[in-house]
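Rule-based calculations on the coordinates, nothing more; no lab input. Because the structure is predicted, anything quoted here is derived from the model rather than measured.
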Amino acid sequence: MAVERRLLPWLLPSAGPLAVSTIVLLGALAGAQVAAPPTDPLKELAPGLLARTIYTAEGSEPYRVEIWELVVGPGMKSETTALAGGVVLEVRGGRGYITIDDKRQELRLGATLAVDDGHKFALENADKESPLSLRGVVISAASR
């Protein structure tokens, strides 16, 4: 609404349908940013690693696309695990390490990386006080 009100003086009524369309589009975009928090609890994916699905895309055949939240507790290290598909990970909080097929890599806030389908990984939280939080886009074959 605030975006619409600031644009109204600029978009004169004489601008016609374009002005109305712009206001409706901006209002829809402003409302689209509000999302309800996930209600599903985090579950143990592997010892030391909690996860939950926060979004599943519809109509993405022949693939299944999901957004996951992954969390490793303060000072903890997860056991090695694999996801049902490839995943693009983004570090959303904390710092630590990921080991993919015996190759260790540092994780810092904002870092992104990919784990290919079929590859195993383990996460380690280097912070003793805060969780290591990652967001993952998991892409797998729909038949899995």
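Note on Arg104 and Ala141: the extension gain reaches 10.6 nm, defined as 0.36 nm multiplied by sequence separation minus the Cα-Cα distance. For segment 105-144, pairs of C-alpha atoms spaced more than 12 angstrom apart make up 71 percent of the total. Expressed in Å, the radius of gyration and Dmax of the Cα atoms of segment 43-141 are 12.8, 42. Note on Lys128: lysines with a C-alpha under 20 Å away, same-chain residues under 8 apart excluded, are Lys77.
Note that segment 42-50 has calculated 3J(HN,Hα) couplings of 5, 10, 6, 7, 8, x, x, 10, 9 Hz, one per residue in order, obtained from phi through the Karplus relation 6.51 cos²θ - 1.76 cosθ + 1.60 (θ = phi - 60°); glycine and proline are x.
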